[in-house]
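Colleague: I am attaching a structure below and will ask some questions about it afterwards.
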Amino acid sequence: MRQALVMGNWKLNATKASVEALINGLVDAAKDNATVEVAVCPPAVFIPQVEALTADTAITYGAQDCDVNTSGAFTGENSAVMLKEFGCKYTLVGHSERRVIHGESSEVVADKFAVAQENGLVPVLCIGETLEQFEAGETKAVVEAQLQAVVTKSGITSLNNAVIAYEPVWAIGTGKTATPEIAQEIHAHIRSWLAEQDAAVANKVQILYGGSVKGANSAELFGQADIDGGLVGGASLDAVEFSKVIAGASA
Ligand code: PGA
């Protein structure tokens, strides 16, 4: 049985005051839904504040990205080593906003996945198709290619210590959620693609759904057999709404 994981991705949103209110507002939800792991991914500059605020709670946290390098002349970047020093458990890699806006290829994402893992972080590998690819019926081929880049670089068993987040790009921040049936079909496909290579890995790996998850749709999405929780953007910025999302993962 895979543990449910609900992860907030704050993107480029936070103030010192909002971080304090949000973390304090999630403590009860984490306690009341003890079967669900609750995690947040703040902008990197707020990680020390999140480290302090979550110290006596079950809430875990991670970064939204990490560099392919661990140190050196790479202006503006944060390394997996630094994130680990500040208590991060996770880092997202390959979020669609990094792939699209920052031009990250699947090979760069695979390098980030490897360096995160080598330095003790659990990479959350984000995959998913654009609207054009969805309409062209290319979803399965796209997610397979995105997964293949990581398998080629790090091997199938690297996914024993990772999380996959399937996020159709057309559903991110648009209010358009994939129906639970569409999401389940793709999650099941991802798991069977993995199972062709290693059944134990396929059975173990948590596959999160992301894309306009909110309190009103979380229970139905997370109730699907192959959906093990969510990666949540907009709805994770409000403690009351995010608490409802978390409750939706509590079996
Ligand atoms: P959203 O974002 O929940 O605001 O659609 C999800 C994500 O980008 O991880």
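Colleague: Taking the range 102-147 on its own, how many of its residues are assigned to a helix (DSSP H, G or I) and within 19 Å of Pro42 (Cα to Cα)?
Modeller: The initial filter retains those residues of the range 102-147 that are assigned to a helix (DSSP H, G or I), namely 106-118, 131-135, 139-147.
Within this subset, residues satisfying the condition of being within 19 Å of Pro42 (Cα to Cα) are 112-113, 116.
Of the residues in that region, 3 qualify.
Colleague: Separate question: When you go through (1) aliphatic (A, V, I, L, M); (2) more than 16 Å from the ligand (Cβ to nearest atom); (3) touching a residue at least 40 places away in the same chain (Cβ under 8 Å) one by one for Val81, which number turns out not to apply?
Modeller: (3)
Colleague: Collect the residues in the range 206-221 that are in contact with a strand residue (DSSP E or B) (Cβ under 6 Å, 6 or more places away or on another chain) and away from the ligand (no atom under 11 Å from the Cβ), keeping them in residue-number order.
Modeller: Selection gives Gln206, Ile207, Leu221.
Colleague: If you scan the range 13-27, which residues turn out to be aliphatic (A, V, I, L, M) and free of Cβ contacts under 8 Å to residues at least 60 places away in the same chain?
Modeller: Going through the range 13-27, the residues aliphatic (A, V, I, L, M) turn out to be 14, 17, 19, 21-23, 26-27.
Those that are aliphatic (A, V, I, L, M) and free of Cβ contacts under 8 Å to residues at least 60 places away in the same chain: Ala14, Ala17, Val19, Ile23, Val27.
Colleague: Now for a different question. Would you confirm, using the coordinates I've provided, whether Ile227 is of a type in the set (A, V, I, L, M, F, W, C) and at pLDDT 95 or above? Write out each step before concluding.
Modeller: Details: of a type in the set (A, V, I, L, M, F, W, C): yes; at pLDDT 95 or above: yes.
So Ile227 fits the description; yes.
Colleague: Does His102 qualify as being within 15 Å of the ligand (Cβ to nearest atom), surrounded by fewer than 18 Cβ atoms within 10 Å (Cβ to Cβ) and at pLDDT 95 or above? Walk me through it before giving the result.
Modeller: Details: within 15 Å of the ligand (Cβ to nearest atom): yes; surrounded by fewer than 18 Cβ atoms within 10 Å (Cβ to Cβ): yes; at pLDDT 95 or above: yes.
Yes.
Colleague: Separate question: Give Lys153, Lys176 a once-over and let me know the one that is open to solvent by 60 Å² or more (accessible area, probe 1.4 Å), within 11 Å of the ligand (Cβ to nearest atom), farther than 20 Å from Gln64 by Cβ and not β-branched (Val, Ile, Thr).
Modeller: Matching residue, one of Lys153, Lys176: Lys176.
Colleague: Next up: When the residues of the range 240-250 are narrowed to those that are of a type in the set (Gly, Ala, Ser) and in contact with a strand residue (DSSP E or B) (Cβ under 7 Å, 6 or more places away or on another chain), which ends up surrounded by the most Cβ atoms within 10 Å (Cβ to Cβ)?
Modeller: We begin by selecting, within the range 240-250, every residue of a type in the set (Gly, Ala, Ser); these are 243, 247-250.
Narrowing the set further to residues that are in contact with a strand residue (DSSP E or B) (Cβ under 7 Å, 6 or more places away or on another chain) leaves 249-250.
Numbers: Ala249: 25, Ser250: 16.
Of everything passing the filter in the range 240-250, Ala249 is surrounded by the most Cβ atoms within 10 Å (Cβ to Cβ).
Colleague: Here is a list: Leu231, Leu237, Leu208. Which entry is surrounded by fewer than 19 Cβ atoms within 10 Å (Cβ to Cβ) and in contact (Cβ under 8 Å) with a residue 60 or more places away in the chain?
Modeller: None of the other options fit; the residue is Leu237.
Colleague: Confirm whether Ala183 is open to solvent by less than 20 Å² (accessible area, probe 1.4 Å) and within 11 Å of the ligand (Cβ to nearest atom).
Modeller: no
Colleague: Same structure, new question: Considering the range 156-173 alone, what residues qualify as being small (Gly, Ala, Ser) and open to solvent by less than 60 Å² (accessible area, probe 1.4 Å)?
Modeller: Here is the first cut: in the range 156-173, the ones small (Gly, Ala, Ser) are 158, 162, 165, 171, 173.
Ser158, Ala162, Ala165, Ala171 - these are the residues of the range 156-173 that are small (Gly, Ala, Ser) and open to solvent by less than 60 Å² (accessible area, probe 1.4 Å).
Colleague: Quick test for you: out of Ser236, Ser243, Ser192, pick the one residue that is assigned to a helix (DSSP H, G or I), over 16 Å from Asn9 (Cβ atoms) and under 18 Å from the mean Cα position of the chain (by Cα). Talk me through it step by step, then tell me what you get.
Modeller: Details: Ser236 fails: over 16 Å from Asn9 (Cβ atoms); Ser192 fails: under 18 Å from the mean Cα position of the chain (by Cα).
Exactly one residue qualifies, and that residue is Ser243.
Colleague: Quick one: count up the residues across the range 214-228 that are open to solvent by 10 Å² or more (accessible area, probe 1.4 Å) and either in contact with a Gly (Cβ under 6 Å, 6 or more places away or on another chain) or polar (S, T, N, Q) (or both).
Modeller: So the count comes out to 4.
The values are calculated or read from the model by the stated rules, or taken from the named source; none is laboratory data. All values derive from a computational prediction rather than experimental measurement. For neighbour counting, all protein chains shown are included, and Cβ atoms are generated from backbone atoms with ideal geometry for every residue, glycine included. Surface accessibility is based on the protein's heavy atoms, side chains included, excluding ligands, DNA and RNA. Shrake-Rupley method; radii C 1.70, N 1.55, O 1.52, S 1.80 Å.
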